[in-house]
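Trainee: I am attaching a structure below and will ask some questions about it afterwards.
The values are calculated or read from the model by the stated rules, or taken from the named source; none is laboratory data. In this text the structure is predicted, and so the values were computed from the model without any measurement. Positions of Cβ are backbone-derived with ideal geometry, glycine not excepted, and every protein chain shown enters the neighbour counts. Quick note on the areas: whole protein, heavy atoms, side chains included, nothing else; ligands and nucleic acids left out. Shrake-Rupley method; radii C 1.70, N 1.55, O 1.52, S 1.80 Å.
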Amino acid sequence: MATGYLWHELFGWHDTGTNTGLFGSNPAAGLQPLQHFENAETKTRMNSLVGASGLLEHLVPLAPRPATDEELQRVHRAAHVQRIREESALPKGGDAGDGLSPFGHGGFEIAALAAGGAIVAAEAVMSGQVTNAYALIRPPGHHATPETGMGFCIFSNLAVAARHLQATGQASRIAVVDWDVHHGNGTQATFWEDPEVLTISVHQDNVFPPDSGALDEQGAGAAAGTAINVPLPAGSGVGAYLDVFTRVVVPALDAFGPEIVLVASGFDASAADPLARQMMTANGYRQLTELLMDAANRLCDGRLMMTHEGGYSPAYVPFCGLAVLEALSGHQTGIEDPFDPIFSGFAGQELQPHQAEVIDAAAALAQQLATD
Ligand code: 3YP
Ligand code: ZN
């Protein structure tokens, strides 16, 4: 058993500028220059901890290559790819589509490298070079729709990888599990009418995009029932997440029978995240990873590939990432999460009745998938 790990220095060079968190700095509006929420720190620091902890020596390094236009256009309209390329050539770069998602000069090449990184990691798993893999890529991808980028995402990295596996005959039935705290709307949109791709998004109810990711979004046509959304109430913790994975995600995977499980791995459901209000811990993410590995072992020889998405606590994301990579590789570094005693002690970490209600409804959707 081997675990692939993909990173490139250029992912730290994707330039989101001196925004005031979300918005362009603007003295007249009171917006003092700061950093964009989606800056390099969380990811470069995760990569640093992977190295400093010694875990890197137990992983198989994978090198990204840029996705080609043909590969990007299996998901995206040519006009979107072309617009990003043109804005990227401007001296100050451009925006992925919603005014919240800036990129600097040369951002196209880094975004294409992120999508290509997802392809490389997925191929390494399908070929058997590694059993599972983690692609630490940036910019993120799960909000990017076929038509546009949004929510800090330029290209839909995971979706591009999934379409690549299908187009090259490496896999046809693919399951996507998205544990980023925001709705995986772009991935869902890409596969909305594809019965061969199951998308499951576990997110905080109605955070981003607005009015997206409700329980009743379930896919269309022949793919009806193959999109599952679990919109958890604000304040959900490890107990709620374990219940979702035990009663919704794993049963849906069992019912669907994928050839590979792809995970959109954002760490913004953590107890330290500034952009959401959930209470996940590094050890919680470790347990979710173990549940997914058990399912993948049962269903598809352990084939599991994760792409990095959001997560905005530079202090905590590295520990979340290390826990997931320890689980994937089966190697313990001996570094314990120093935040765990604090975050695990937050009141309400156990499953709460109002959370269970939502999970009950989602569990019924997983059941439905089993009987269809
Ligand atoms: C986009 C604008 C406000 C919230 C933000 C979410 C980005 C993200 O982490 N998506 O997964
Ligand atoms: Zn997110």
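Trainee: Of the residues 357, 196, 109, which exhibits the maximal mean-square fluctuation in a Gaussian network model of the chain defined by a 10 Å Cα contact cut-off?
Mentor: 357
Trainee: Run the dipole for the stretch 127-220 about the Cα centre, Lys and Arg Cβ at +1, Asp and Glu Cβ at -1, nothing else charged, and hand back the magnitude in debye, nearest 20.
Mentor: Roughly 480 debye for the stretch 127-220.
Trainee: Helix check for the chain. Which DSSP H runs span at least 20 Å along their own axis by Cα, with a mean Kyte-Doolittle hydropathy no less than -0.5?
Mentor: Length and hydropathy pass: 107-126, 282-300, 353-371.
Trainee: Follow-up. Using protein chains only and a probe of 1.4 angstrom, how many square angstrom of residue 279 are accessible, to the nearest 10?
Mentor: Surface open to solvent at residue 279 totals about 30 Å².
Trainee: Rank 220, 112, 122 by mean-square fluctuation in a GNM of the chain with C-alpha springs under 10 angstrom and give only the top-ranked residue.
Mentor: Of 220, 112, 122, the Gaussian network model singles out 220 as fluctuating most.
Trainee: Probe of 1.4 angstrom, ligands and nucleic acids ignored: what's the accessible area per residue over the chain, in square angstrom?
Mentor: 36 Å²
Trainee: Using the charge dipole of the chain (Lys, Arg: +1 at Cβ; Asp, Glu: -1 at Cβ; taken about the Cα centre), state which of 186, 319, 202 has its Cα farthest towards the positive end.
Mentor: 319
Trainee: If you don't mind, another one. Give the accessible area for residue 58 in Å² (nearest 10); use a 1.4 Å probe, count only protein heavy atoms, and leave out ligands, DNA and RNA.
Mentor: 100 Å²
Trainee: Report the calculated FRET efficiency for residue 2 and residue 89 (r = Cβ-Cβ distance, R0 = 30 Å), to the nearest 0.05.
Mentor: With a Förster radius of 30 Å, E is 0.15.
Trainee: Roughly to the nearest percent, how much of the accessible area of the chain is carbon and sulfur, given a 1.4 Å probe?
Mentor: So the carbon and sulfur contribution to the accessible surface is 54 percent.
Trainee: Report, in debye and to the nearest 20, how large the dipole of the stretch 250-304 comes out about its Cα centre when Lys and Arg carry +1 and Asp and Glu carry -1 on their Cβ.
Mentor: With only Lys, Arg, Asp and Glu charged at Cβ, the dipole is about 100 debye.
Trainee: On each of the three principal axes of the Cα atoms of the chain, give max minus min coordinate, whole Å, ordered largest first.
Mentor: So the three principal-axis extents are 53, 47, 43 Å.
Trainee: Cα centroid distance between the stretch 305-372 and the stretch 82-124, in Å?
Mentor: With the stretch 305-372 and the stretch 82-124 each reduced to a Cα centre, they are spaced 29 Å.
Trainee: Considering only 124, 13, 299, whose Cα is most displaced toward the positive end of the charge dipole of the chain, charges sitting on Cβ of Lys, Arg (+1) and Asp, Glu (-1)?
Mentor: 13
Trainee: If you don't mind, there's one more thing I want to ask. Less than 10 Å Cβ to Cβ from residue 280, Lys/Arg counted +1 and Asp/Glu -1: what total charge do the surrounding residues give?
Mentor: Net charge in that neighbourhood comes out at -2.
Trainee: Among 105, 66, 150, whose Cα sits farthest toward the positive end of the charge dipole of the stretch 36-193 (+1 at Cβ of Lys/Arg, -1 at Cβ of Asp/Glu, about the Cα centre)?
Mentor: 66
Trainee: While we're looking at this one, here's another question. With springs only between Cα atoms under 10 Å, which of 341, 61, 146 fluctuates most in a Gaussian network model of the chain?
Mentor: Highest fluctuation among the options: 341.
Trainee: Moving on. Let's see if you can work this out: charge +1 on each Lys and Arg Cβ, -1 on each Asp and Glu Cβ, no other charges. What is the dipole magnitude of the stretch 2-89 about its Cα centre, in debye to the nearest 20?
Mentor: Rounded to the nearest 20 debye, it is 140 debye.
Trainee: Regarding the stretch 192-289, what whole-number volume in Å³ per residue does the convex hull of its Cα atoms give?
Mentor: Taking only Cα atoms, the stretch 192-289 has a hull volume of 97 Å³ per residue.
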